[in-house]
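First the structure, in the form of structure tokens, and then the observations on it.
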Amino acid sequence: MNRREFLHQVGATALLPNLVPRAFAAPRATPAARPDYTLRIQPAILDIGRGVSVHTVAYNGQVPGPLLRLKEGVPVVIDVTNATQSEEIVHWHGLAIGTLPDGAAEEGSPTIGAGRTLRYSFTPKPAGTRWYHTHAMAKDDLRLAGYTGQFGFLLVEGRDPAPQHDQEVNLAVHHWEPSFVPMVETMRATSANLPQTTGSDVGYKYASFNGHMLGAGEPIRVRKGDRVLMRLLNASATENVVLALPGHSFRIIAMDGNAVPHPHAVEVLSLAVAERVDAIVEMNAPGVWVLGSTLQAERAKGLGVVIEYAGSTGPPVWRDPAPAEWDYSVFAANQPVPQPAESFVLTFRDAGALGGSKFDTWTINGDAWPKVKPIMVEAGKRYRLLFRNATGDQHPMHLHRHTFEVTRIGDRTMSGLMKDVINVMPLQTVAVDFLADNPGDALLHCHQQLHMDYGFMQMVKYRG
Ligand SMILES: [Cu+2]
């Protein structure tokens, strides 16, 4: 553990002055350093529009949580109080920090007991669009973990200035009011050639950007000629989304917060769970538009936001975009990449609903967490992970505390695309390379809450 990166329970310290004779009591009961930010994990009733209120848990009662603007390399102190009845933990997603502040119990990060406060201290890096969210488990209790409103943007400012823009808009996708649905209702059942499964899935009643269903809340107001920097985050527990803004394109400049080798404009963008995209949208088609899911059923649930040009009125317009395949490789380079010291083949399978469980268990090389054998690495070496998806589901794979380079998708090699989540499509093989440059346990898992809760995790461990 880095000495500058430490944390401790603040709750007990704060009580101490009451136990000390008055004459010796410190004038203030607060810890030595003031936190830069305080977050309170608390129950919240959110008015998401159309007369719907959802009961959830959110940071400081708001969705998304407070925007955290940090500076690369400048230490930060964040006090998090858990005002719920369940154990919680906060993960600072996409940061290369120590295992203790990282916020994954599997790595040994402390959890925050009900009613307790935990101080997180770390030095944020690398620069880019990161986020923070609960790393608790839900299992079959859909009132917990990723199903709640516990997520927020965390922007790490570096030396490079943001690209020139007139306004910035941060939009986080989330789905609400989860319930169990049989898998037969899901898309995979329509593909007879995909491996079939037996367990339940999760479906939702509502969806939103920034806690507002389509048509609720304020529209995004723009002027003709504006360059809008959009940061899009998929903070859904389980749903990958596909988005479009009719009449406009998204010039994608960064993925998961990291500049892409080839910025490229797309009309349709795919955002798997936990992925981020930074895009420049040139506002050159005056009108009132829907930025939303390409699926009508999802927009009906609320997954959209109105974009309104100054001087334009009328109901927001949606137009279906031309069908487009999502292709990560158009944003990547294709240079030779260094040979890894070692490659690890990880085969993902769906073991079905085991032992009377509602949900399927997911295995990596035949084992489910915590039985999955760790991946052993040595500091300073480069490694390759080959994700072989032998299931009919998509899996957004996330590696903690490291950034990886996507080096192959299917038959296509590529380079320079630096990410911390990669969506592996059904029956696809994806290779990612990473430099083992941050000793300590690093959790590798599918970010789909149902999958990670039911076996889909593995540890990367450093030797020595
Ligand atoms: Cu998965």
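The values are calculated or read from the model by the stated rules, or taken from the named source; none is laboratory data. These numbers come from a predicted model, not from an experiment. FYI the Cβ positions are ideal-geometry reconstructions off the backbone, even for glycines, and counts take in every protein chain you see.
Structural remarks
- Near pairs, Cβ below 8 angstrom, 6+ apart or cross-chain, from the stretch 334-354 (assigned by TED's automatic domain parsing to the domain that holds ARG388 and on the phi > 0 side of the Ramachandran plot) to any residue that is of a type outside the set (D, E, K, R) and in a loop (DSSP other than H, G, I, E, B): GLY352/THR197; GLY352/THR198; GLY352/GLY199
- Scanning the stretch 355-387 for residues that are within 22 Å of the chain's Cα centre (by Cα) and basic (Lys, Arg) returns no hits.
- Checking each residue in the stretch 30-70 for being without any contact (Cβ under 8 Å) to a residue 24 or more places away in the chain and closer than 15 Å to GLY152 by Cα picks out ASN60, GLY61.
- Scanning the stretch 272-300 for residues that are crowded, with 16+ Cβ neighbours inside 10 Å and assigned to a helix (DSSP H, G or I) returns GLU298, ARG299.
- LEU354 more than 14 Å from the ligand (Cβ to nearest atom), closer than 20 Å to GLY410 by Cα and either touching a Ser or Thr at 6+ places or on another chain (Cβ under 8 Å) or of a type in the set (A, V, I, L, M) (or both): no
- Restricting attention to the stretch 401-432, the residues being crowded, with 19+ Cβ neighbours inside 10 Å, within 16 Å of the ligand (Cβ to nearest atom) and assigned to a loop (DSSP other than H, G, I, E, B) number 1.
- Pairs, first under 25 Å from ALA44 (Cβ atoms) in the stretch 80-105, second part of a strand (DSSP E or B) and among the acidic types (Asp, Glu), C-beta under 6 Å, six or more apart: ASN82/GLU88
- Every condition in (1) more than 16 Å from the ligand (Cβ to nearest atom); (2) of a type in the set (A, V, I, L, M); (3) not in a strand (DSSP E or B) is met by VAL372 except one, and the failing one is (1).
- Taken together, LEU303, LEU269 contain a single residue that is buried (at least 18 other Cβ atoms within 10 Å of the Cβ) and either modelled with pLDDT under 95 or under 27 Å from VAL57 (Cβ atoms) (or both), which is LEU303.
- Taking the listed residues ARG388, ARG384, the one that is in contact with a Ser or Thr (Cβ under 6 Å, 6 or more places away or on another chain), at pLDDT 95 or above, in the same structural domain as GLN458 (by TED's automatic domain parsing) and crowded, with 20+ Cβ neighbours inside 10 Å is ARG384, with no other qualifying.
- Filtering the stretch 108-118 to residues that are surrounded by fewer than 20 Cβ atoms within 10 Å (Cβ to Cβ), of a type outside the set (Gly, Ala, Ser) and in contact (Cβ under 8 Å) with a residue 60 or more places away in the chain leaves PRO110, ARG116.
- Conditions (1) closer than 22 Å to VAL421 by Cβ; (2) touching a Pro at 6+ places or on another chain (Cβ under 9 Å); number of the one not met by VAL330: (2)
- Reported count of residues in the stretch 442-464, each being within 16 Å of the chain's Cα centre (by Cα), within 10 Å of the ligand (Cβ to nearest atom) and more than 16 Å from LEU386 (Cα to Cα), is 6.
- Taking every residue in the stretch 442-458 that is in the same structural domain as ARG349 (by TED's automatic domain parsing) and touching a residue at least 12 places away in the same chain (Cβ under 8 Å) and pairing it with any residue that is within 8 Å of the ligand (Cβ to nearest atom) and not in a strand (DSSP E or B), at least 6 positions away or on another chain, the pairs with Cβ-Cβ distances below 6 Å are HIS445/MET452; HIS445/PHE456; CYS446/MET452; CYS446/PHE456.
- Index of the failed condition, MET397 passing every other in (1) of a type in the set (A, V, I, L, M); (2) within 14 Å of the ligand (Cβ to nearest atom); (3) under 27 Å from ALA254 (Cβ atoms); (4) surrounded by fewer than 20 Cβ atoms within 10 Å (Cβ to Cβ): (4)
- Once the stretch 65-107 is narrowed to residues that are surrounded by fewer than 23 Cβ atoms within 10 Å (Cβ to Cβ) and of a type in the set (D, E, K, R), the residue that is nearest to TYR132 (Cα to Cα) is ARG69.
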